[in-house]
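Participant: Sharing a structure below in structure tokens format, with a few things to ask.
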Amino acid sequence: MKKFSKRTAIVTGGASGIGGGCAKKLASEGTTVLIVDINKATAKKTVEYILEHGGSAEYLIGDVSEENVSKQMVDKAIDMTGRLDFLIQNAYSHTSDSGSAIETTSDEWDTGIGLLTKALFFGAKYSVPAMTESGNVTGINTEWSGFGLRNGEPPKQNIGRIINISSVHGIVQAPKSLVYASGKAAVIGLTRQMAIDFGELGITVNAIAPGHIVTERGQKAWEKSGDKKGFHLFELQYPVRRTGTPEDIASSVSFLCSDEASFITGTTLTVDGGLSIQLQENIVMRLKDYISENPEIKTPGNKKKN
Ligand SMILES: NC(=O)c1ccc[n+]([C@@H]2O[C@H](COP(=O)([O-])OP(=O)(O)OC[C@H]3O[C@@H](n4cnc5c(N)ncnc54)[C@H](O)[C@@H]3O)[C@@H](O)[C@H]2O)c1
């Protein structure tokens, strides 16, 4: 029996990038996956990949910032297998990016925050009752059975998992990123709130804050720029001297979905190769020689020379 046999997951934005990595990983571990995405071509491709590799998956095309899409996705997951276990809230669009408060329009704020946060509220609103109704998977222990002292009725556990994808941008700030940074910080707050609200139902809610993850989109952009040294500058900023992959995030999602993670809720797991724990002034000192030796690298200070 695979790790997640008989489990059903919804992955929003699961057609490509980090979401695609999560969909493939969960499917390889036995989960039936519903990909919810606005991009039909890539959603279809990822479903085909999963089926070819012996997994089970379908897709639903829709914008998760619309309430009816969140309702539809939960209904579809229940139609597929009769149950819902995991909700991975990951969908993202470039329109979520913005400038400072001066440059951002009211519409950009509404659209960006709609996808970054309101979609996550809708997702939970419809998924939690479905998870509760699904109950536990037969044969999977939902009752506390560890050592140590506890009294009273066994609590519910392993009924459901919600994982919200935040970002290091929700923890440390970059310039001119009002909508994205505010949205990603809000994801951490709403994760903690949902953890408090749904813990007694046996549903844990956690966030993941990735560092720079090279997705298909990211790889294309780096290749197009031809800026190998610029990319290496990114790598050098990481204590582990590399950027991340969708699989790095998918592994963390898989862990947080597992029964072993039943006592972890309301937390934000930072998966960033140590990027955000460094003393900033030391990074600058460490990288200054590399930047001055490579003046073609596109930094704001080097712009005039490029
Ligand atoms: N890639 C990174 O470096 C990085 C770093 C930190 C956090 N993140 C977060 O990880 C998540 C995934 O990012 P990514 O880089 O894989 O993005 P991506 O652009 O590669 O993939 C996003 C997916 O979401 C889909 N999508 C866009 N708008 C949607 C909508 N309204 N409804 C449903 N689906 C929609 C896209 O079609 C695409 O398949 C995002 O929440 C992002 O903020 C990414």
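The values are calculated or read from the model by the stated rules, or taken from the named source; none is laboratory data. Small disclaimer: the values here were computed from a predicted structure and weren't measured. In case anyone asks, the SASA skips ligands and DNA or RNA and just uses the protein heavy atoms, side chains included. Shrake-Rupley method; radii C 1.70, N 1.55, O 1.52, S 1.80 Å.
Participant: Report in % the part of the accessible area of the chain that belongs to carbon and sulfur, leaving out ligands and nucleic acids; probe 1.4 Å.
Facilitator: 56 percent
Participant: Taking θ as phi - 60°, what are the ³J(HN,Hα) couplings along segment 115-129 by the Karplus curve (6.51, -1.76, 1.60), each to the nearest whole Hz, with x for Gly and Pro?
Facilitator: Karplus values, whole Hz, x for Gly and Pro: 7, 6, 10, 4, 4, 6, 5, 4, x, 5, 3, 9, 7, 4, x.
Participant: A follow-up question, please. Semi-axes of the equivalent ellipsoid for the chain, please: Cα gyration tensor eigenvalues, times 5, square-rooted, ordered largest first, whole Å.
Facilitator: 35, 21, 19
Participant: How large is log10 I(q)/I(0) at q = 0.20, 0.23 Å⁻¹ when the Debye formula is applied to the Cα atoms of segment 189-306, each weighted equally and without solvent?
Facilitator: So the normalised log intensities work out to -1.09, -1.27.
Participant: Between Ser251, Ser292, Ser127, which gets the highest mean-square fluctuation from a Gaussian network model of the chain, Cα cutoff 10 Å?
Facilitator: In this elastic network of the chain, the residue with the biggest mean-square fluctuation among Ser251, Ser292, Ser127 is Ser292.
Participant: OK, next. How far, in degrees from 0 to 90, does helix 246-257 lean away from the longest principal axis of the Cα atoms of the chain, to the nearest 10?
Facilitator: The helix 246-257 is inclined about 30 degrees to the chain.
Participant: Follow-up. Can you give me the solvent accessible area of Trp109 with a 1.4 Å probe, rounded to the nearest 10 Å²?
Facilitator: The accessible area comes out at roughly 100 Å².
Participant: Follow-up question, since we're still on this one. Expressed in whole Å with the largest first, what are the equivalent ellipsoid semi-axes of segment 122-272 derived from the C-alpha gyration tensor as the square root of 5 times each eigenvalue?
Facilitator: Each semi-axis is √(5λ); the values are 36, 17, 14 Å.
Participant: Report ³J(HN,Hα) in whole Hz for each residue of segment 224-238, in order, from the Karplus equation J = 6.51 cos²θ - 1.76 cosθ + 1.60 where θ = phi - 60°; Gly and Pro get x.
Facilitator: Each residue of segment 224-238 in turn: 4, 5, x, 8, 5, 5, x, 5, 5, 4, 4, 4, 5, 6, 8 Hz.
Participant: Could you give the length gained on full extension between Phe255 and Arg241, defined as 0.36 nm per residue of separation minus the Cα-Cα distance, in nm?
Facilitator: Stretched out fully, the Phe255 to Arg241 stretch lengthens by 2.7 nm.
Participant: While we're looking at this one, here's another question. For a quick check of understanding: with a 1.4 angstrom probe and all protein chains in place, what accessible area in square angstrom does Met80 have, to the nearest ten?
Facilitator: So the heavy atoms of Met80 present about 50 Å² to solvent.
Participant: Solvent-accessible area per residue for the chain at a 1.4 Å probe radius, Å²?
Facilitator: Ligands and nucleic acids excluded, the figure is 51 Å² per residue.
Participant: Here is a follow-up. In the calculated pair distance distribution of segment 1-127, what percentage of Cα-Cα distances lie above 26 Å?
Facilitator: Counting pairs separated by more than 26 Å, the tail of P(r) holds 21 percent.
Participant: In the chain, what percentage of the DSSP-assigned beta bridges are antiparallel, given to the nearest 5?
Facilitator: Percent antiparallel among DSSP bridges in the chain is about 5.
Participant: Rounded to the nearest angstrom and ordered from largest down, what semi-axes does the equivalent ellipsoid of segment 181-255 get from its C-alpha gyration tensor (root of 5λ)?
Facilitator: Semi-axis lengths for segment 181-255 are 32, 13, 11 Å.
Participant: List the pairs from Lys40/Lys71; Lys3/Lys24; Lys24/Lys118; Lys45/Lys176; Lys45/Lys229 whose alpha-carbon separation is above 24 Å, in the order I gave them.
Facilitator: Lys24/Lys118; Lys45/Lys176; Lys45/Lys229
Participant: Show me, for segment 274-282, the HN-Hα J-couplings you get by feeding each phi into the Karplus relation (A = 6.51, B = -1.76, C = 1.60, θ = phi - 60°), rounded to Hz, glycine and proline as x.
Facilitator: With coefficients 6.51, -1.76 and 1.60, one gets x, 3, 8, 9, 7, 6, 4, 5, 6 Hz.
Participant: Test of understanding: in a Gaussian network model of the chain with alpha carbons linked when under 10 Å, which of Gly226, Gly123, Gly112 would top the mean-square fluctuation ranking?
Facilitator: Gly226
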